[in-house]
Amino acid sequence: MAKIRHIAIFTDDPDELSKFYVDTFGMIITQPLMSSPESGSWVFLTDGYIDVALIAPGHRNGVANGINHFGFTVDERERQDILQKLKARGIEPRKPPADRPYVEDRVRDIHGNPIDVSTTGMRADAP
């Protein structure tokens, strides 16, 4: 069964927000502050069950702070079935940006909410 395993939150200051989640809720940083010219900067956290990506995008294009997308981790055997169900609804999966190797497909639900679909899950060593 597909499981929601990560949530991405846009913020102006990922480092400051990560300290809030660590100090207040005891979350663990799995990747400290990183940055790239294309992607901006980010910190990855976990509670041991759900991963949280705190992202200051390099190219925001008017997108506000807050939850940007969530990601399902699926078993490789169920991925094709899920993709067929999406296509049957007229939803065409697309490839994510090259700097997101842990995501095989990007889709939007029927109301336009962005979703990552991954068989590997979010990894701390990913860019």
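The values are calculated or read from the model by the stated rules, or taken from the named source; none is laboratory data. Just so it is clear, the model here is predicted, and its values are computed rather than measured. In this analysis, Cβ positions are derived from the backbone assuming ideal geometry, glycine residues included, and neighbour counts consider all displayed protein chains.
Over 26 Å from residue 16 (Cβ atoms) and surrounded by 12 or more Cβ atoms within 10 Å (Cβ to Cβ) - does that describe any residue in region 64-72? Yes; the residues of region 64-72 include at least one that is over 26 Å from residue 16 (Cβ atoms) and surrounded by 12 or more Cβ atoms within 10 Å (Cβ to Cβ).
Checked against (1) surrounded by 12 or more Cβ atoms within 10 Å (Cβ to Cβ); (2) under 22 Å from residue 119 (Cβ atoms); (3) acidic (Asp, Glu), residue 13 passes all but a single condition, namely (2). Annotation for region 31-43: no member residue is exposed (fewer than 12 other Cβ atoms within 10 Å of the Cβ), hydrophobic (A, V, I, L, M, F, W, C) and free of Cβ contacts under 8 Å to residues at least 24 places away in the same chain. If you check 20, 44 for being over 27 Å from residue 119 (Cβ atoms) and aromatic (Phe, Trp, Tyr), only one passes: 20. Of all residues in region 1-32, those being under 24 Å from residue 73 (Cβ atoms) and touching a Pro at 6+ places or on another chain (Cβ under 9 Å) number 3. Only one of the listed residues (55, 82) is more than 14 Å from the chain's Cα centre (by Cα), of a type in the set (Val, Ile, Thr) and within 13 Å of residue 116 (Cβ to Cβ). That residue is 82. Of the strands (runs of 3 or more DSSP E) entirely within region 11-127, those holding at least 2 residues that are touching a helix residue (DSSP H, G or I) at 6+ places or on another chain (Cβ under 8 Å), modelled with pLDDT of 85 or more and aliphatic (A, V, I, L, M) occupy 28-36, 40-46, 51-56.
Whether any residue in region 108-116 is farther than 23 Å from residue 31 by Cα, charged (D, E, K, R) and surrounded by 14 or more Cβ atoms within 10 Å (Cβ to Cβ) is what I want to check. Yes, region 108-116 contains at least one residue that is farther than 23 Å from residue 31 by Cα, charged (D, E, K, R) and surrounded by 14 or more Cβ atoms within 10 Å (Cβ to Cβ). Of the candidates 28, 91, the single residue that is of a type in the set (A, V, I, L, M), without any contact (Cβ under 8 Å) to a residue 60 or more places away in the chain, surrounded by fewer than 16 Cβ atoms within 10 Å (Cβ to Cβ) and touching a Gly at 6+ places or on another chain (Cβ under 8 Å) is 28. Looking at residue 82, is it crowded, with 17+ Cβ neighbours inside 10 Å and more than 21 Å from residue 8 (Cα to Cα)? Spelling it out, residue 82 is indeed crowded, with 17+ Cβ neighbours inside 10 Å and more than 21 Å from residue 8 (Cα to Cα).
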